[in-house]
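The values are calculated or read from the model by the stated rules, or taken from the named source; none is laboratory data. Everything numeric in this text was worked out from a predicted model, so none of it was measured. Using ideal geometry, Cβ is built from the backbone for each residue, glycine included, and neighbour counts are taken over all protein chains shown. With ligands, DNA and RNA removed, areas are computed over all heavy atoms of the protein, side chains included. Shrake-Rupley method; radii C 1.70, N 1.55, O 1.52, S 1.80 Å.
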Amino acid sequence: MENNIILQAEDLVKTYGQGNQKIHALDHVSLSIHKGEFIAVTGESGSGKTTLLNVLGSLDTPDSGSIRFQGEELVGQNDLRLSAYRRRSIGFIFQYYNLIPVLNVEENIVLPMNLDSTAPDMDYLAELLEMIGLTSKRQSFPHELSGGQQQRIAFARALIHKPPLILADEPTGNLDSKNSREVISILKNSIRKYHQTLILITHDGSIATQADRIFTMHDGVLNEIGG
Amino acid sequence: MRYLISLALKYIRRQKLRSVLTFSCLMLASFVLNTFSAYFSSGLQSSKNLLIEADDGFEWEIYLDDVIRAAVKNQTCTEEKAKDIIRNHPAVASYFFLQNWEMDAHVNMDPSVSQKDGISYWELRFDDNAPRRYQSIQASQLDSNVTFDQDSPYHITQSLADNAVFLPNSAKELGYQIGDSVTIYCTPVHCRINETMPEVRAVLEYIEKRNAEEEAKGSTTRYAISYFTPENGQKPSFSDNDRVIRRNMLQLLNEQYDLNTIAFADTEQGDTVSVTMTVAGFGNYEFNSMMYGFQTMDLFAGSQMAPFLEQLDEASKVFDVYSDSNESFFENRTRESQRAATVDHILFEDSLAMITESLGLDPMDYPEYFLGKNDMLLALKLKGADAIVTLIPVLWLFVFLLLIIWAISRFVIDNAFEISVQERSMQFAALRIMGASKRQLLALVFSEATAYSVTAIPLGALLAFLCCKLCFGLLAKSARSAFVFHLNPYIVCLCILLNITAIYISAYTSALYASRKLTPAEALHFGKPKKKRRNLLRKHRSKLTLNAKKFIRRYTWQNIQRTKRRFVISTIALSLGLLMLTFLLDFASIFYLESKLQKNAQAPGNAAHEAINKAIYHSDFEFFSSENNYALAVETFGDHPLFRAMYYTYTSSITVNESSLDQIHSLTPYAIADSDFPYLTVYGIDRTRYELEIQPYTGVDYDTFEAQDHGLIIYSEYDEKALYDASIHPNTVPDRYPLGYTAAKENATIEVWDDFAINPQQLQLTLDGSVCLPTASILEDGILLPIHMVSQFDQQSYATISLLASYHADYEELSPIVNEFASKTQMEYLDNYTFATGGMKAMLALAVGLGSFLFSLWLVGILSMINSIHTGILNRRSELSMLRAVGCSRKQMRRMIILEGILFSATATVIGAVLGAVAALCYLPEFVTDVKHCALLIPVAIVITVILLIAHLLIAALSAWPGIKAMEQFQSY
């Protein structure tokens, strides 16, 4: 089972501010995630969920602690290594889709491949477009699409390079329940099909219950509450 | 409202970087506009001062001579009455009635034209002192309500009482003091110069002797004496020699004798006229007459001088019997100049009409054009429609320049505001949602604009005024005191008004965008491409197989297209600055290259002689004298710490006989003197010049050269005649002789006579050899001697002393030393030092002025570019965060931003450089000496464009830095 661990975080600490203003965003957080797991993290606003995701995705650095991805230490690595890690191993999904307005649907999706100077798998692109139901709108620009469609593009962008780890920060926060169900379904299909690991931050209890394990955060402290 | 103002101020206070950028852009816009206002108003004032200076300090607008004459003619008033009316006229600000008399005596020495071979002069005596003879007497008198400064010659004339007179310094030596009474007696005299005068006979004897010598050696050259023996009935031959001798007869006499005491022949005197005046002062008012030998005297006198001079004119008329045709032996020239300036508070045209009417004339009969006007001054003072019309072409140019500057400022301000407001679209939308009215949003943006206006405009203006003050201060110090820093309140107000207008227009349009054109819903989705752009984007086909580099390039380009308006504005702002810079650089480079080409064309093989050229032709002070003042020059300047070098050259003229000439020509490859005209220049040079110019060729040091008492023949590497032929026949290549020394096979002894001496002496000179010198040398063909040997030649000679000041020397220190030497030796001198250092200072001042202006324009463009890039980054904050999240490295992000800056600056540089070159091409043909030289513009423009491009690419990379720093702050989304 140990060998099956994809991401291991130990004793992560991250604080903001000083003195009385000091906030413990991560308070000695430890976490082990296995390949193919679907982890849900819930908690109140400001409890440190996004900070945890940023730190695990190497967008932010912890004050102390260690993060090992597939056995390799991430803390202390240089920007090039971390950027490559994000490009190849991580798929990010945000609450605000953050699509690039000047790129069309398929260009937005292949963006991580372009950045990695890697030719995209066109069959897989077609499959993803099919999966998100936007094959007919592959040449459209983000502003021509609805919020749900835009979020599905963001999903496809996170999946195009088949990353072993997907980090999703409240991906359904801006969507109605129908769209939410659809995108979660896409995500679950993808991780099942490609043995991907998903860490998902959500306030939606119905989504959280679909996870293998559920964690909750409170004042920077992470507790597993079930699965 | 108060809340909105405080909100605006909070934004300024808290968004420090944005506020600093906006403030900088607004301040620079103010700097540029006020630089124009300061330079334009200072330029106008300085031009006005220069015009006034050219008129010796009088600011006149109209001539009144014609209108007064017309009034006198029409008997509407007398001249005195007319002047009195003008003196007290309400439309006249200042008046200026100047009367100038010039009493000339003429000399005619050309008997071939007429028998008027007499000469005339004024014999002038102060009380019982010995008479002095003058060729011309001048006097002036002024009536004006203007106070002239000390430098103006009118100052002396104006300050005189009716019976006061300024006398020449020579009168001071007679014992006169200020306040003494002096009676001036003056008599017109006519006389002849002929053989009855022993002095003339001495000159003739010399000429006869020279002719006998010429005859003895078989030469056909004769010196004219027939002029002085007209009884032989023959006209003299008019060879060059004859003219020289005839024209110089009075001067030859002047050199040998005192013209004030010499007894001329056939002397006739007119009536003596006298006047008693009070001595008001003394001055250097006696001048040598260039042609005749007699002097000219200026008398600055009060009104009592007028009747005296009129009597003198009458007394001289008795000699008009000698004249034929229209010429007189004596001539009285009276000049009057009646001028005035009008008051500013009455319209110029009305002032003229009022003056004409007051003189009893109908203004309809004597319209504006009847009067002479100082149109340029009137135009500069913006007075008089006709005068202003003459300035319209120039004014248009300035209006055009002002419009360009305003456009740049407007672009920059607009860009700064648009960025500042658009950045907060979502905030504005939120305010709208919360119930803020459109008017309230406008008020908010206007509050910000006001806050910026009251801080940035004064600061920018202050900086501009300081730069301009510095520039004009330097110009005044180095060039002319007429250059003054001046702020015309109207021009300054206009520029500040334009500045405020630009700010409020930009604030208004940006606020409109934020409050009206963009609905809250649109604003909340800021960045949403408009419909037009959507169509444009559709044309692109998907490019999915890009590598990282290509992706970054494409993404950057698409981002620029997304903010096209901002890109265009920033590019225009930078391009306009670069256009002016390129225009100037192109012009300066072409002029430099042209001067190089001309220099090379003038002196073949010039490169080798550059050093000599520089060493010899550059002198800080250059003295000229007919006296040999070598000993005193060495004593004064020889070891003086403030002078680093002194070159002394004594030049005289000698004649050689034929056998000597043959010996000389055996040492030179071409004839340096004509056998029919065997004159040669003899140079005596000092150690410094010898060591610089001669020793490198002979290898003999000055001590040896001096001890031998021998001479050297010097000649040029190009025969002057051959060079002249080559200039006429372009296919002819002149022979070039090798530089260097050729020793004589045996010392050649030649016989020489010092030329033009009344008692010529025959001398013998031994020549060691000959030296071929570069064409650039100041020494031309002739004989070179050590300085001590030239004292034997004292006729038709002159000395030149060139002084080089020490590098640390200051003009204030040098001036008294040089002046003292000049007054001791009575030498005239050229002050190249003040001119050169002044020229340098003037150039520096101009460079500072022009440079600060161009720099500010350029800086405006660069700041606008930084602002645009930075804003682009802030606006794409979430987008860039996402790129980081999907694995874009910092290096890639930096590359993206730098690429954006490079695209900005490269586009601006190419546009600016090309337009600058085109503008230069339009004006160049007017200024180059040869139109063909315009072709040089192509390589010059290419080189300048490439240099500017490289420089701007580097600057673009540095300009992107604030954006990169800002981007790195939002690592996480």
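Observations on the model:
- Note on the stretch A:134-150: residues that are in a loop (DSSP other than H, G, I, E, B), away from chain B (no Cβ under 11 Å) and of a type outside the set (S, T, Y) amount to 2.
- Flag if B:E423 is touching a helix residue (DSSP H, G or I) at 6+ places or on another chain (Cβ under 9 Å) and modelled with pLDDT of 75 or more: no
- Identification of helices (runs of 4 or more DSSP H) wholly contained in the stretch B:789-904 with 1 or more residues that are open to solvent by 50 Å² or more (accessible area, probe 1.4 Å), away from chain A (no Cβ under 14 Å) and modelled with pLDDT of 75 or more yields B:811-825, B:832-875.
One line per residue, one yes/no per condition, for (1) of a type in the set (A, V, I, L, M, F, W, C); (2) within 14 Å of chain A (Cβ to nearest Cβ); (3) within 18 Å of B:N867 (Cα to Cα); (4) open to solvent by 50 Å² or more (accessible area, probe 1.4 Å):
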position: B:F551; (1), (2), (3), (4): yes, yes, no, no
position: B:N559; (1), (2), (3), (4): no, yes, yes, no
position: B:R562; (1), (2), (3), (4): no, yes, yes, no
position: B:R565; (1), (2), (3), (4): no, no, yes, yes
position: B:I572; (1), (2), (3), (4): yes, no, yes, yes
position: B:G577; (1), (2), (3), (4): no, no, yes, no
position: B:L585; (1), (2), (3), (4): yes, no, no, yes
position: B:S589; (1), (2), (3), (4): no, no, no, no
position: B:Y592; (1), (2), (3), (4): no, no, no, yes
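- Test: residue in the stretch B:933-949 that is hydroxyl-bearing (S, T, Y) and within 14 Å of chain A (Cβ to nearest Cβ): no
- Here the stretch A:31-52 is the region considered, the condition is being in contact (Cβ under 8 Å) with a residue 40 or more places away in the chain and among the small types (G, A, S), and the residue that is farthest from the other protein chains (Cβ to nearest Cβ) is A:G36.
- Options B:T450, B:T390; residue that is open to solvent by less than 70 Å² (accessible area, probe 1.4 Å) and modelled with pLDDT of 75 or more: B:T450
- Condition met for B:T945 (touching a His at 6+ places or on another chain (Cβ under 8 Å) and assigned to a helix (DSSP H, G or I)): no
- Considered as a group, the residues in the stretch B:912-956 that are surrounded by 13 or more Cβ atoms within 10 Å (Cβ to Cβ) and not hydrophobic (A, V, I, L, M, F, W, C) include one that is modelled with the lowest pLDDT, and that residue is B:H933.
- Identity of the residue in the stretch A:101-119, farther than 14 Å from B:G887 by Cβ and facing chain B (nearest Cβ under 7 Å), that ends up surrounded by the fewest Cβ atoms within 10 Å (Cβ to Cβ): A:A119
- Subset of the stretch A:159-177 (residues that are among the charged types (D, E, K, R) and modelled with pLDDT of 80 or more): A:K162, A:D169, A:E170
For every residue, the table says whether it meets (1) under 23 Å from A:A211 (Cβ atoms); (2) part of a strand (DSSP E or B).
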residue: A:I6; (1), (2): yes, yes
residue: A:E10; (1), (2): yes, yes
residue: A:V13; (1), (2): no, yes
residue: A:N20; (1), (2): no, no
residue: A:L26; (1), (2): yes, yes
residue: A:L31; (1), (2): yes, yes
residue: A:G36; (1), (2): yes, no
residue: A:A40; (1), (2): yes, yes
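- Residue list for the stretch A:72-90, restricted to those being more than 8 Å from chain B (Cβ to nearest Cβ) and touching a residue at least 60 places away in the same chain (Cβ under 8 Å): A:S89
- Only one entry in A:T118, A:T50 is β-branched (V, I, T) and not in a loop (DSSP other than H, G, I, E, B), namely A:T50.
- Close pairs from the stretch A:95-107: first over 15 Å from B:N559 (Cα atoms), partner in a loop (DSSP other than H, G, I, E, B) and acidic (D, E), Cβ under 9 Å, at least 6 apart: A:Q95/A:E170
- Filter pass, B:L584 being assigned to a helix (DSSP H, G or I), touching a helix residue (DSSP H, G or I) at 6+ places or on another chain (Cβ under 6 Å), touching a residue at least 60 places away in the same chain (Cβ under 8 Å) and among the aliphatic types (A, V, I, L, M): no
- A:R88 vs. criteria of a type in the set (K, R), closer than 19 Å to B:L546 by Cα and either at pLDDT below 85 or open to solvent by 20 Å² or more (accessible area, probe 1.4 Å) (or both): yes
- Of the criteria (1) surrounded by 15 or more Cβ atoms within 10 Å (Cβ to Cβ); (2) of a type in the set (G, A, S); (3) within 12 Å of chain B (Cβ to nearest Cβ), which one A:G65 fails: (3)
- Failed item in (1) within 23 Å of B:I552 (Cβ to Cβ); (2) free of Cβ contacts under 8 Å to residues at least 60 places away in the same chain; (3) buried (at least 22 other Cβ atoms within 10 Å of the Cβ); (4) among the aliphatic types (A, V, I, L, M), with A:V55 passing the rest: (1)
- Of B:I137, B:I178, all but one fail to be surrounded by 20 or more Cβ atoms within 10 Å (Cβ to Cβ) and aliphatic (A, V, I, L, M); the exception is B:I137.
- Among the residues of the stretch B:161-173, not a single one is in a strand (DSSP E or B) and open to solvent by 50 Å² or more (accessible area, probe 1.4 Å).
- Single condition A:M131 does not satisfy, out of (1) more than 13 Å from chain B (Cβ to nearest Cβ); (2) open to solvent by 10 Å² or more (accessible area, probe 1.4 Å); (3) out of contact with any Ser or Thr (no Cβ under 8 Å at 6 or more places or on another chain): (3)
- Residue pairs whose Cβ atoms lie under 6 Å apart, sitting 6 or more positions apart in sequence or on different chains, and linking a residue in the stretch B:547-560 that is under 13 Å from A:V110 (Cα atoms) to a partner that is not in a helix (DSSP H, G or I), are B:N547/A:S117; B:A548/A:S117.
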